[in-house]
Amino acid sequence: MPLDRRSFLNQSAAALAGTALSYSRIYGANERISLGHIGVGSRGGELAGIASHLKEKHNVEMTAVCDLWKVNRERAAANVTTVYGRAPRTFQYLEDLLALKDVDAVLISTPDFTHSPILKQVAEAGKDAYCEKPMGNVLEEAKAARDAVLARKIVVQVGTQHRSEAYQIATRELIRTGALGQVTKYEIEWNYHGPRWRGRSEVKKLREEDTDWRRWLMAKPFRPFDPRIYFEFRLYKDFSGGIADQWMSHGIDLAHYFLEDPVPRSVVAHGGIFAWPDGRENPDTFHALVEYPQGFVVSYATSFGNDCDSFTRIMGKKATLINIGGEGSQRWKLVEEKGTYEDNPFLRRAERFVTLPGKTEPGLPFIGDTDLSHMTNWFECLRSREQPNATVRHGFAHSVAVIMATRAYREGKKLYWDAATETITDHA
């Protein structure tokens, strides 16, 4: 649509301001980057540990921590004091941390449903961010966070960390050579045996007077204080999609990364609470089929009632890539697609492991959540002002996929993505 003169000038000024902000924040090699941390619970502790391992090499310091729960806040402050040699400033409310002019960048590791709203606030405060995944589980909130980041030219790394890991990068480069040929099917099967996310030890420790329950709920409808929901929110549908938010977000993001087709065309999903009827509202058994515009389907499945071998298969007309293990496995194997088992049940196909330059051994069938590569990439980009490996656009794309999968399961419908209007519909 045509712009009037005032709109044109306002938009131009905003764009120039964003560019100026980006360049004004290039740090000198000897200039320390001041970090703040919002949400310093279990995952937050892991991220803080990763940052502390990199503090000398990248000249960063955790100078402020924030958590609604007093226990988390005090524990984090004590750990920071030990690691950095001086106490951080501590806050219960994120607005107070974001008001600090000297905090350059913020880590966000709060509950799933708060990621997008908090990322939007951090962006509006003009600070760079590392935001845990999923980037969002409510579409309008994910859009608002993405738009706030893009309007300000800040550096945001979303916590889909496998994009920064060496064996995943090597696998992507192999796919780019055309070794697979046309890919038509991508299968992910990640399993676990147990009542996942139930039984958090913090539930018995939480007292309402030590936190702010209404602030924790954010925009969700009010309900009476419930320590189980506070710490086991992934089991409750008002706050999380469960498997889709936590596990599928990683799997589908790697599919986007490998095949470079970022947003689904359609999604169907099914499942239920079959293994652990313990009061949870989200499924313990889940299966989604995600169709992409390039012409392939991703099958994502998880069972919490059986720990049978997990795997990923990327199936092309020339070869198949097989990942041996569950989320984060570094062990990829390329198998040629030649002949058929119908013609020869004893068929043997050539295969080889994906290896790193100068190495012959395959990767391990796992990787820890404290790998340094993703945080390293973010710290490097804070200084260079280049975009990191998992941008806000990538975060929005995986958010769309998991939001569609969760809704398809709950509504019992095949859902479609309208790229022109960025809306989810129930018709093609």
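For the condition basic (Lys, Arg), closer than 29 Å to Arg313 by Cα and part of a helix (DSSP H, G or I), what is the one hit in Arg214, Arg163, Arg196, Arg146? Matching residue, one of Arg214, Arg163, Arg196, Arg146: Arg163. Annotation: of all residues in region 149-161 being within 21 Å of Ile26 (Cα to Cα) and open to solvent by 10 Å² or more (accessible area, probe 1.4 Å), the one that is nearest to the chain's Cα centre (by Cα) is Leu150. Give region 349-401 a look and list any residue that's farther than 27 Å from Ser240 by Cβ and hydroxyl-bearing (Ser, Thr, Tyr), or say none. If the condition is that a residue be farther than 27 Å from Ser240 by Cβ and hydroxyl-bearing (Ser, Thr, Tyr), then Thr355, Thr360, Thr376, Ser384 are the ones that fit. Those strands (runs of 3 or more DSSP E) of region 79-134 in which at least 1 residues are of a type in the set (Lys, Arg), considering only elements entirely within it, cover 89-91. Restricting region 219-251 to residues that are free of Cβ contacts under 8 Å to residues at least 12 places away in the same chain and surrounded by 12 or more Cβ atoms within 10 Å (Cβ to Cβ), the residue that is nearest to His287 (Cα to Cα) is Ile229.
Can we say Ala275 is open to solvent by less than 20 Å² (accessible area, probe 1.4 Å) and either aliphatic (A, V, I, L, M) or out of contact with any Cys (no Cβ under 8 Å at 6 or more places or on another chain) (or both)? No: the conditions fail for Ala275. The residues of region 404-428 that are open to solvent by 10 Å² or more (accessible area, probe 1.4 Å), of a type outside the set (Ser, Thr, Tyr), out of contact with any Pro (no Cβ under 6 Å at 6 or more places or on another chain) and not in a loop (DSSP other than H, G, I, E, B), listed by number, are Arg407, Arg410, Glu411, Asp418, Ile424. Contact map, region 192-218: first residue on the phi > 0 side of the Ramachandran plot, second residue of a type outside the set (D, E, K, R) and at pLDDT 95 or above, Cβ cut-off under 7 Å, separation 6 or more or different chains; pairs are Gly194/Phe304; Trp197/Leu235; Met218/Thr114; Met218/Pro117. Annotation: Glu291 fulfils all but one of (1) in contact with an Asp or Glu (Cβ under 9 Å, 6 or more places away or on another chain); (2) of a type outside the set (A, V, I, L, M); (3) surrounded by fewer than 21 Cβ atoms within 10 Å (Cβ to Cβ); the unmet one is (1). The set of residues from region 249-271 being on the phi > 0 side of the Ramachandran plot and not in a loop (DSSP other than H, G, I, E, B) comprises just one member, Gly271. Checking each residue in region 195-251 for being out of contact with any helix residue (DSSP H, G or I) (no Cβ under 6 Å at 6 or more places or on another chain), among the aromatic types (Phe, Trp, Tyr) and closer than 26 Å to Asn306 by Cβ picks out Phe233, Trp247.
Residues being among the hydrophobic types (A, V, I, L, M, F, W, C), surrounded by fewer than 19 Cβ atoms within 10 Å (Cβ to Cβ) and under 23 Å from Phe113 (Cα atoms) are entirely absent from region 162-178.
The values are calculated or read from the model by the stated rules, or taken from the named source; none is laboratory data. Note that the structure is a prediction, hence the values are computed from the model and not measured. Quick reminder, even Gly has a Cβ in these numbers, built from the backbone with ideal geometry, and neighbours come from all protein chains shown. For accessibility, only protein heavy atoms count, side chains too; no ligands or nucleic acids. Shrake-Rupley method; radii C 1.70, N 1.55, O 1.52, S 1.80 Å.
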